[in-house]
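Trainee: Below you will find the structure I want to go over with you.
Quick note: the coordinates plus some simple rules give every number you see, no bench work behind them. Note that this is a predicted model, so its numbers are computed, not measured. Don't worry about glycine lacking a Cβ; one is built from the backbone with ideal geometry, like all the others, and counts go over all protein chains shown.
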Amino acid sequence: LPAALAALVAFLVVRRLEKTVAGEIAVAATLASAGLAVALAGGAHPDHALAAALAWILAFSAATLAVQVILERVRTKGARDPGRLHAAGAALLLAAAAALSLAGLPAALAWATLPTVALSIVVCLGRFSPKRLRELGWAIVGSSTLTLLILVAGLR
């Protein structure tokens, strides 16, 4: 998985698409997927390793959507506002996590994805100034910490 995603990122870089929403999500997914290989090499149960990797991929994708909303609003001086669309995308990421949990992966996947998705939806629907990107960054650190705690507790 990490190698396949890295090939996708290389393709996007060659096409100069790495700074698009899709490109940034591909980069985040590639980096997060490395955790799958590490967990498996460390002897983790395959379902637990996959659930943890997917939780990070989905959470970082949701965070990317939130940041992109703020940046797009600034770039277009408010002419384009993808807030509702990206909020819906974040909700779909949570729905995917829930569906995967219901399909047999550990429930920790859905629960661990929730904090960052919720933050993303709030940011997408709110009117946050680009001057608050630093605070958003720290909020993402906080939601990521919750993700980690939920994964540790839920996958033991």
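Trainee: Report the label-to-label distance for residue 118 and residue 75 in nanometres (one decimal), using points 7 Å from each Cα along the Cα→Cβ vector.
Mentor: With each label placed 7 Å out from Cα toward Cβ, I get 3.0 nm.
Trainee: So, one more: May I ask you to derive the FRET efficiency for residue 22 and residue 103 from their Cβ-Cβ distance with R0 = 25 Å, giving the value to the nearest 0.05?
Mentor: It comes out at approximately 0.50.
Trainee: In nm, to one decimal, how far is the residue 132 label point from the residue 145 one, both placed 7 Å along Cα→Cβ?
Mentor: Simple spin-label model gives 2.0 nm for this pair.
Trainee: Pop out the Kirkwood hydrodynamic radius of the range 1-46 from its pairwise C-alpha distances, inverse of mean 1/r, in Å to one decimal.
Mentor: 11.0 Å
Trainee: Ok, one more. Hey, how many Å between the Cα centroid of the range 1-24 and the Cα centroid of the range 97-130?
Mentor: If you average the Cα positions of each part, the centres end up 23 Å apart.
Trainee: Under a crude label model (7 Å from the Cα following the beta-carbon direction), how far is residue 152 from residue 10 in nanometres?
Mentor: With each label placed 7 Å out from Cα toward Cβ, I get 3.6 nm.
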